[in-house]
Amino acid sequence: MKHMKQLYEADLYEPIRKHFLKQGYRVNGEVHDCDLTAVKDEDLIIVELKLNLNIDLLLQATRRQRLTDLVYIAIPKPKRISRKRWNDILQLVKRLELGLIIVSFAGNRKSVEFKVHPEPYKRMTSKNIRKKAALIKEIEGRSADYNIGGSSKSKIMTAYKENCIQIACYLDKLGQMSPKALVALGAGEKTPSILQKNYYKWYERVERGVYAINEQGKAELEDYPELVEYYLGKLENEDSL
């Protein structure tokens, strides 16, 4: 079995050095603790070399930004990494306004690939605005905080599930109702869709346009006493108006 050659940070230096030399830069290693510097005209580029992208490398690179805006981090090409995690890494590097160089080793061949260049980060895009709006909508759709932050294995109470519980409460309290009547009580515009999809299997269609809560729904409502009390209280307030 052929063993992989041990890789060192110094192995990253030569292919990156050759790249910048071809671009007309003057290149030096280990200048004032900078792994690699490349100078051409008014441009000063600093490259920090590491075998792994970690917090120490990012801290080191951001310290170099006190000297120049053109700071790169360089690592060997990752062997196994998910696309999502890789995209998250690229996003982090961009947010820090750093550059990222990947060095590939295939036998005696070494290649350099620039994945990210250091440039000002554009913080808000249309995609981010949509995601922020969706987050705010979810927050506003929750009546209170029923989740514990950091708990990955427990079931999460979402605005959608709260809406389902609200509808189930009203059907349990008032009996068979139409989606229109439920909406009039404040169950929300999604009521018809929730009843039709019946994601939690809590409702049953009695006749066209009329729904009731089933035994499963009644049983599972007992798991949410705080929400049941909250929505029945809302119902009483509606009746008193």
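Only the coordinates and a few stated rules stand behind these numbers; no lab work does. The shown structure was predicted, so the numbers you read here are calculated from the model rather than taken from an experiment. Ideal geometry is used to build each Cβ from the backbone, glycine not excepted, and the neighbour counts take in all protein chains shown.
Under 1.5 on a/c is rounded, so check that first for the stretch 1-120, then, if it is not, pick prolate when a/b is larger than b/c and oblate when it is not; a ≥ b ≥ c are the square roots of the alpha carbon gyration tensor eigenvalues. Taking the square roots of the gyration eigenvalues as a ≥ b ≥ c, the stretch 1-120 is oblate.
Given the -39500 (n - 2.57) contribution per DSSP H run of 4+ residues, what per-residue ellipticity at 222 nm results for the chain, rounded to the nearest 500 deg cm²/dmol? Before the final figure, lay out each step's value.
Numbers: 9 runs with 103 residues, N = 241.
For the chain, the value works out to -13000 deg cm²/dmol.
How much length would be gained if the chain were fully extended between Lys218 and Ile129, taking 0.36 nm per residue of separation minus their Cα-Cα distance, in nm to one decimal?
Details: separation 89, 0.36 × 89 = 32.04 nm, distance 3.92 nm.
Length difference between fully extended and current span is 28.1 nm.
Using the Cα gyration tensor of the stretch 155-235, with a ≥ b ≥ c the square roots of its eigenvalues, what is the shape: rounded (a/c below 1.5), prolate (a/b larger than b/c) or oblate (neither)? Rounded shape, in that the Cα axes give a/c under 1.5. Under 19 Å Cα to Cα from Lys110, which aspartates and glutamates show up? Leave out anything in the same chain fewer than 8 places away. Qualifying aspartates and glutamates at Cα under 19 Å: Glu9, Asp11, Glu14, Asp35, Glu48.
Length available on full extension from Lys180 to Lys122: 0.36 nm per residue minus the Cα-Cα distance, which gives 16.4 nm.
Taking 7 Å steps out from each Cα toward its Cβ at Arg109 and Asn28 produces label points 3.5 nm apart.
Positive-end ranking of Tyr170, Pro15, Leu51 along the dipole of the chain, with charges on Cβ about the Cα centre, is headed by Pro15. A crude spin-label estimate for the pair Asp11 and Arg205, with each label 7 Å from Cα along the Cβ direction, gives 6.5 nm.
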